[in-house]
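Only the coordinates and a few stated rules stand behind these numbers; no lab work does. In this text, all values refer to a predicted model and were calculated from it rather than measured experimentally. FYI the Cβ positions are ideal-geometry reconstructions off the backbone, even for glycines, and counts take in every protein chain you see.
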Amino acid sequence: MKYSSIAVRLFEREGEGVFYDPAYHGRTLKIFGMDEYPGKALKYFADRYREIDYGAVIFDTEGTFPEEGFDTVIRVKDGQGAGLDPLVLAEKGLLDGYTAATVVQTIYGLDRALTERLYADFLAGKVKSVPEAVRSKEKYAEVIMESYTPLDEVFYSGEPPDFGKNILVALGETYSITLAGMAFLVVSAVVRHRRKTMIGVNDAAVLAYTTPGGAAVPLITRPIRARVAVLATQYAIDSLMNLAGPSLVLYHDPDTQSVIYETNGVPPGPMRKHVHKGEAAFIYRTPEMINVEWGKLPL
């Protein structure tokens, strides 16, 4: 078959290349594997897309992704400023004000009326940051304070990042899954409209576990021309497996492989081939059928 210019070679099989083509297979690729395999696969895809002049935005919970080649490295660490205050980013034009207010709503559970009030106060110049919103005497301050912590206060401090073409969000040094999810949501909101970009996440299941992280996934997986999302994980959870798009199964426990095959609708029998170390199964749908291709990944 003919592939588009953004297809990436997965492996050779019987003298023919097997490719992942976002234009044909779907804009979101889900990678499931054990130990270091998902991270290695994510780096492989990032390198391939950089070769065709795509930008890369990588969220790394493992702390193992190399920093070379990134214009912007955002390090998220407990008790250390990250400069990811959505209202400050909106003040600087990196987000629109309503999106920034909605991010605050998602993180702290504001209702629609309080979100609208926060947005109105932001437009009026009364509130220019989340800490200012907390110190205000408005009702939204009371709701935010219910879950606001000193870690949040420090997290929002510092100068906002530059958000260059290639961004690495290093989450390996934070033990707070809440802060990691907040960083995931804020950066995803900033880059949500970017084209000619590969957005990669490792570990996607860990970040999607939080409310902010779960809200970030639709922002980066919404189908957009000339964009690719690669979600790598060690955990086969329904919220990821049920996302539209193909799956790449790497070496994993047999029961986990079985669950992935089952969720993807692969019929029992020879199509459910066991994936060994160094191998991969590429599962994708067309409007007419489901297909599985096997081979060795060049990791």
>> Students often get this wrong: which residues of the stretch 118-152 have the backbone nitrogen under 15 Å from the point 7 angstrom along Cα-to-C-beta of Asp111?
In response: 118, 139-144
> Roughly speaking, what is the centre-to-centre gap between the stretch 37-94 and the stretch 5-28 when only Cα atoms are used, to the nearest Å?
Replying inline: 24
> In nm, what is the difference between 0.36 nm times the number of residues separating Arg195 and Glu173 and their Cα-Cα distance?
Replying inline: 5.0 nm
> Helix 211-221 versus the longest principal axis of the chain: what is the Cα-based angle in degrees, 0 to 90, to the nearest 10?
Replying inline: 50
>> Please arrange Val143, Val186, Val201 by how many other C-beta atoms lie within 10 Å of their C-beta, fewest to most.
In response: Val143, Val186, Val201
>> Using Cβ counts within 10 Å as a stand-in for footprinting exposure, how do Lys139, Lys77, Lys92, Lys43 rank, fewest first?
In response: Lys92, Lys139, Lys77, Lys43
>> How large is the translational diffusion coefficient of the stretch 85-143 in µm² per second when you combine the Kirkwood radius over alpha carbon pairs with Stokes-Einstein at 10 °C and 1.306 mPa s?
In response: 146
> Based on the Cα gyration tensor of the chain, what are the three equivalent ellipsoid semi-axes, each the root of five times an eigenvalue, rounded to whole Å and given largest first?
Replying inline: 38, 19, 17
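Under the 0.36 nm per residue contour assumption, what length would be gained going from the current alpha-carbon distance of Lys296 and Asn242 to full extension? Provide the component values of the computation, followed by the final result.
On the way: separation 54, 0.36 × 54 = 19.44 nm, distance 2.51 nm.
Between Lys296 and Asn242, full extension yields an extra 16.9 nm.
Rounded, prolate or oblate: which one fits the stretch 200-254, using the alpha carbon gyration tensor with axes a ≥ b ≥ c (rounded when a/c is under 1.5, else prolate when a/b beats b/c, else oblate)? Spell out each step's value before the answer.
Values: a/c = 2.00, a/b = 1.24, b/c = 1.62.
Oblate shape, in that a/c is at least 1.5 and b/c is the bigger or equal ratio.
Contact order normalised by length for the chain, with contacts defined as Cα pairs under 8 Å and 6 or more residues apart; what percent is it? Working shown, then result.
Working: 564 pairs, mean separation 82.9, N = 299.
After rounding, I find 28 percent.
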>> Using amide H atoms built in the peptide plane, which far-off residues or other-chain residues are under 5 Å from Ile31 H to H?
In response: Leu231, Ala232, Thr233, Leu248
>> Run the reach check for Lys273 against aspartates and glutamates, Cα to Cα strictly under 12 Å, same-chain hits fewer than 8 apart removed. What comes back?
In response: Glu293
>> Over 24 Å between Cα atoms: which of Lys30/Lys77; Lys128/Lys165; Lys2/Lys196; Lys92/Lys139 fall into that group?
In response: Lys30/Lys77; Lys128/Lys165; Lys92/Lys139
> What is the distance, in nm, between label points placed 7 Å from the Cα along the Cα-to-Cβ direction at Arg13 and at Met271?
Replying inline: 1.2
>> As I understand it, the value is the acute angle between the Cα axis of helix 37-51 and the longest principal axis of the Cα atoms of the chain; what does it come to in degrees, rounded to 10?
In response: 80
> Can you give the FRET efficiency for Met289 and Glu159, using 1/(1 + (r/R0)^6), R0 = 51 Å, r = Cβ-Cβ distance, to the nearest 0.05?
Replying inline: 0.50
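Which order do peptides 250-259, 206-215 fall in by mean Cβ count within 10 Å, highest first? Display every interim value, and only then the final one.
Numbers: 250-259: 16.1, 206-215: 21.0.
Highest-to-lowest ranking by the protection proxy: 206-215, 250-259.
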> What spacing in nm lies between the two simple spin-label points modelled at Lys92 and Ser136, each 7 Å away from Cα in the Cβ direction?
Replying inline: 2.1
>> Expected output is a single nm value to one decimal: the length gained when fully extending between Leu151 and Ala23, i.e. 0.36 nm times separation in residues minus the C-alpha distance. What is it?
In response: 41.9 nm
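Taking the Cβ of each residue in Thr115, Thr263 as the centre, tally the other Cβ atoms inside 10 Å and list the residues starting with the fewest. Intermediate values should be presented prior to the final figure.
Values: Thr115 19, Thr263 15.
Going from least to most buried by this count: Thr263, Thr115.
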>> Using Cα springs under 10 Å in a Gaussian network model of the chain, which residue among Ala232, Ala90, Ala281 shows the largest mean-square fluctuation?
In response: Ala90
